[in-house]
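Working notes for the structure below.
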Amino acid sequence: MIKKESRNDIRQKRHNRVRNNISGTKEIPRLNVFRSNKEIFVQIIDDVLGTTLASSSSVELKIKNGGNKEGAALVGVDIAKKCAKLKIKKVVFDRGGYLYHGRVAALADAARANGLEI
């Protein structure tokens, strides 16, 4: 019997395909997004050193409903402020294999509106 691939397996394949082409450095780090059904998480990553420079999430901000666009926008604002403190102006956007739509787009737009160049 052939096992059917889950949606997450397909997303991870898409993410690996995208990650072959993008990478973050200290000057232009990678902004990675992970979303679950209830929460959204974002990290600023330097792939050369393999370190996380900054992170934010709807859990960290104690947003009541982090699974909607408003919660994602608040996380985007928070990560843009953290990047400003670290003097990071430009990042490479890694959507994590998700469609650039809904919560992922809301997070990116909010970060962009608060001074982060994507």
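The values are calculated or read from the model by the stated rules, or taken from the named source; none is laboratory data. Since the model is a prediction, treat every value here as computed from it, not as a measurement. Virtual Cβ from ideal backbone geometry, glycine too; neighbours counted across all protein chains shown.
Within the stretch 18-25, identify whether any single residue is of a type in the set (A, V, I, L, M, F, W, C), exposed (fewer than 15 other Cβ atoms within 10 Å of the Cβ) and touching a residue at least 12 places away in the same chain (Cβ under 8 Å), and answer yes or no.
Checked the stretch 18-25: at least one residue is of a type in the set (A, V, I, L, M, F, W, C), exposed (fewer than 15 other Cβ atoms within 10 Å of the Cβ) and touching a residue at least 12 places away in the same chain (Cβ under 8 Å).
What about LEU53, is it touching an Asp or Glu at 6+ places or on another chain (Cβ under 7 Å) and either among the small types (Gly, Ala, Ser) or surrounded by 15 or more Cβ atoms within 10 Å (Cβ to Cβ) (or both)?
yes
So which of ILE2, ILE22 ends up being modelled with pLDDT under 95, within 18 Å of TYR100 (Cβ to Cβ), among the β-branched types (Val, Ile, Thr) and part of a loop (DSSP other than H, G, I, E, B)?
Selected residue: ILE22, the only one of ILE2, ILE22 that is modelled with pLDDT under 95, within 18 Å of TYR100 (Cβ to Cβ), among the β-branched types (Val, Ile, Thr) and part of a loop (DSSP other than H, G, I, E, B).
For (1) under 25 Å from ARG7 (Cβ atoms); (2) among the hydroxyl-bearing types (Ser, Thr, Tyr); (3) under 10 Å from the mean Cα position of the chain (by Cα); (4) at pLDDT 95 or above, each residue gets a yes or a no:
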{"residue": "ASN37", "(1), (2), (3), (4)": "yes, no, no, no"}
{"residue": "ASP47", "(1), (2), (3), (4)": "no, no, no, no"}
{"residue": "LYS64", "(1), (2), (3), (4)": "no, no, no, no"}
{"residue": "LEU74", "(1), (2), (3), (4)": "no, no, no, yes"}
{"residue": "ALA80", "(1), (2), (3), (4)": "no, no, no, yes"}
{"residue": "LYS85", "(1), (2), (3), (4)": "no, no, no, yes"}
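Select from the stretch 62-84 the residues that are surrounded by fewer than 18 Cβ atoms within 10 Å (Cβ to Cβ) and in contact with a strand residue (DSSP E or B) (Cβ under 8 Å, 6 or more places away or on another chain) and write down the one among them that is farthest from GLY24 (Cα to Cα).
Here the answer is GLY67.
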